[in-house]
1. Residue check: is E266 under 18 Å from P199 (Cα atoms) and either in contact with a helix residue (DSSP H, G or I) (Cβ under 6 Å, 6 or more places away or on another chain) or open to solvent by 30 Å² or more (accessible area, probe 1.4 Å) (or both)?
2. Which one of these does G22 not meet: (1) touching a Gly at 6+ places or on another chain (Cβ under 8 Å); (2) closer than 30 Å to L239 by Cα; (3) modelled with pLDDT of 95 or more?
3. Of the conditions (1) open to solvent by 40 Å² or more (accessible area, probe 1.4 Å); (2) under 14 Å from G26 (Cβ atoms), R272 satisfies every one except a single condition; which number is it?
4. Give me the residue from the range 317-372 that is open to solvent by 70 Å² or more (accessible area, probe 1.4 Å) and polar (S, T, N, Q) and, out of that set, farthest from G304 (Cα to Cα).
5. Would you confirm, using the coordinates I've provided, whether E73 is charged (D, E, K, R) and in contact with a Pro (Cβ under 6 Å, 6 or more places away or on another chain)?
6. When only residues in the range 341-386 that are part of a helix (DSSP H, G or I), under 12 Å from L323 (Cβ atoms) and among the charged types (D, E, K, R) count, which is nearest to the chain's Cα centre (by Cα)?
7. So Q280 fits all but one of (1) modelled with pLDDT of 90 or more; (2) more than 22 Å from A56 (Cα to Cα); (3) open to solvent by 20 Å² or more (accessible area, probe 1.4 Å); (4) touching a strand residue (DSSP E or B) at 6+ places or on another chain (Cβ under 6 Å); what number is the exception?
Amino acid sequence: MYEQQQQGPKQGGDGRDTEGHGPLAGFTVGVTAARRADELGALLQRRGAAVLHAPALRIVPLADDGELLAATENLLDQAPDVVVATTAIGFRGWVEAADGWGLGERLLARLRDVELLARGPKVKGAIRAAGLTEDWSPSSESMAEVLDRLLEEGVDGRRVAVQLHGEPLPGFVEALRAGGAEVVGVPVYRWMAPEDLSPLDRLIDASVARGLDAVTFTSAPAAASLLSRAEERGLLSDLLAALHHDVLPACVGPVTALPLQARGVETVQPERFRLGPLVQLLCQELPARARALPVAGHRVEIRGHAVLVDGCLRPVPPAGMSLLRALSRRPGWVVPRADLLRALPGAGRDEHAVETAMARLRTSLGTPKLIQTVVKRGYRLALDPAADTKYADTDA
C-alpha cells in the first residue's frame, strides 16, 4: 500500500513535461480506493505526485453468505425476465460462488435464456468470459441509461434481477418497482469499513490541514465511508470546508460522486470513467489551480509541497510552504513577522521561529532574492514592478 512519498524532479518517462518532471510534481494526492489502489498510485507517482493511500473501505465477498445463495436459488427456481449485471468483479464473483455450490452450470444456463444487460465494457468482458453474450450495454456506462431503457421497454409484471455492487443504487430499484416490476437483488459482496482506521484518519487529518491537494474516489461507498468517519470524529464540517475550497475531490464517475454531491461538494470527473482519464484530469486541474507569480525576474509557481522556479522543481518543507503561502496572499506587500508566526504550524510565540523557517525557505528556493527582508517590519515577495498593478491588491 502507498504511504505519502515526496518526489523530486525526474528525467524522462511517461507523463513527464518538458522540464523533466511530471505534471503532478509538487502535489500530494489522497487515494481512497480499496481495489486497484496500487495501479492508481503508480499512475499518479509516474506523473510526479506524492501519494497518501488510505483505503476507505474493504470488500467482503459473500461466497459463503446465505443471502447470495438464497437469491441464486430463487432465480433458478423462478426465472427472471431481465438480469442487470453492474460490475465485472461482482458478476465474476457470483458465477464463482455458484460454481462452489455446485450451481454454476444451472446459473449460466438460466442467464442464457434471459435478457442480459451489462452496465459497461468491463461487465461485458466478464459476461463473455463466462461464455455468455449480453443483449445490450449503454455507451455511457450509466445505470441511469439502463433504467431508461428498462422503463421504455416497460417493466410492469416483469421480474428483474439486479446484481448489486455493495452499495444502494439510488432510485434505480425504486423506479423499477414503481413501474410495476418485481425486483430481485443479488448481493455479491459488501463494502465495510476498513479494519484499520488509522490510515483513513491520517487522510482526513491531512485534508483538514490542507496537506493534500486532491483526493480521489473510485466508488461511492469509499466517499460515503470517508464522510462517515469524519463525522464520527467530529471533523465533518472541517473536511467539507476543505473539499469545498482547497482540496480537489476527483471522482471516477457521477455515481461515485453522489455521496459528496449530497453534502454540497462539487467534484471533477473525467469524460471516460477510468483510472487513466482520472489521472489525466488531475494533470490538468491541479497545475491550473497553482498560483503563479512573476517575482524578482523569475516565474514562481506555488504547488502543494514544492515550488517551480522558472520550471525547476524545488521541494519545500511544510513550514516554508506555510510562510510562502502567507506571503503570496498579498504579493509585493510586507507581511509582519507576527502574521507569519501565526501561519507557522505549532510555532508558539517566538518570532525567531520565523527567521529560522525563512532561512530554510530561501535555501529551498535556491534564489534568495525572491523574498525580501524589510527591516523591523517583516518580509515580502519581491514582485516584479510591472506586476504591481495586477497583483498588489490581491487577497486570494
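The values are calculated or read from the model by the stated rules, or taken from the named source; none is laboratory data. Keep in mind the model is a prediction, meaning the values are calculated, not measured. Here the Cβ is made from the backbone with ideal geometry for all residues, glycine too, and neighbour counts use every protein chain on show. The area values use the complete protein model at the heavy-atom level, side chains included, leaving out ligands, DNA and RNA. Shrake-Rupley method; radii C 1.70, N 1.55, O 1.52, S 1.80 Å.
1. Details: under 18 Å from P199 (Cα atoms): no; either in contact with a helix residue (DSSP H, G or I) (Cβ under 6 Å, 6 or more places away or on another chain) or open to solvent by 30 Å² or more (accessible area, probe 1.4 Å) (or both): yes.
Here the answer is no, as E266 does not meet what is asked.
2. (3)
3. In the conditions (1) open to solvent by 40 Å² or more (accessible area, probe 1.4 Å); (2) under 14 Å from G26 (Cβ atoms), R272 misses (2) alone.
4. Taking the range 317-372 first, the residues open to solvent by 70 Å² or more (accessible area, probe 1.4 Å) are 318, 325, 329-330, 333, 342, 345-346, 349-352, 355, 360, 363, 368-369, 372.
Retained after the next criterion (residues that are polar (S, T, N, Q)): 363, 372.
Working: T363: 18, Q372: 22 Å.
Ranking the candidates gives Q372 first.
5. Details: charged (D, E, K, R): yes; in contact with a Pro (Cβ under 6 Å, 6 or more places away or on another chain): no.
The answer is no for E73.
6. Ranking the candidates gives R342 first.
7. Evaluating Q280 over (1) modelled with pLDDT of 90 or more; (2) more than 22 Å from A56 (Cα to Cα); (3) open to solvent by 20 Å² or more (accessible area, probe 1.4 Å); (4) touching a strand residue (DSSP E or B) at 6+ places or on another chain (Cβ under 6 Å) leaves (4) as the failure.
Yes/no matrix, rows are residues, columns are (1) over 24 Å from G304 (Cβ atoms); (2) in contact with a Leu (Cβ under 8 Å, 6 or more places away or on another chain):
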position: T28; (1), (2): no, yes
position: T32; (1), (2): no, yes
position: G48; (1), (2): no, yes
position: I59; (1), (2): yes, no
position: L76; (1), (2): yes, yes
position: A79; (1), (2): yes, no
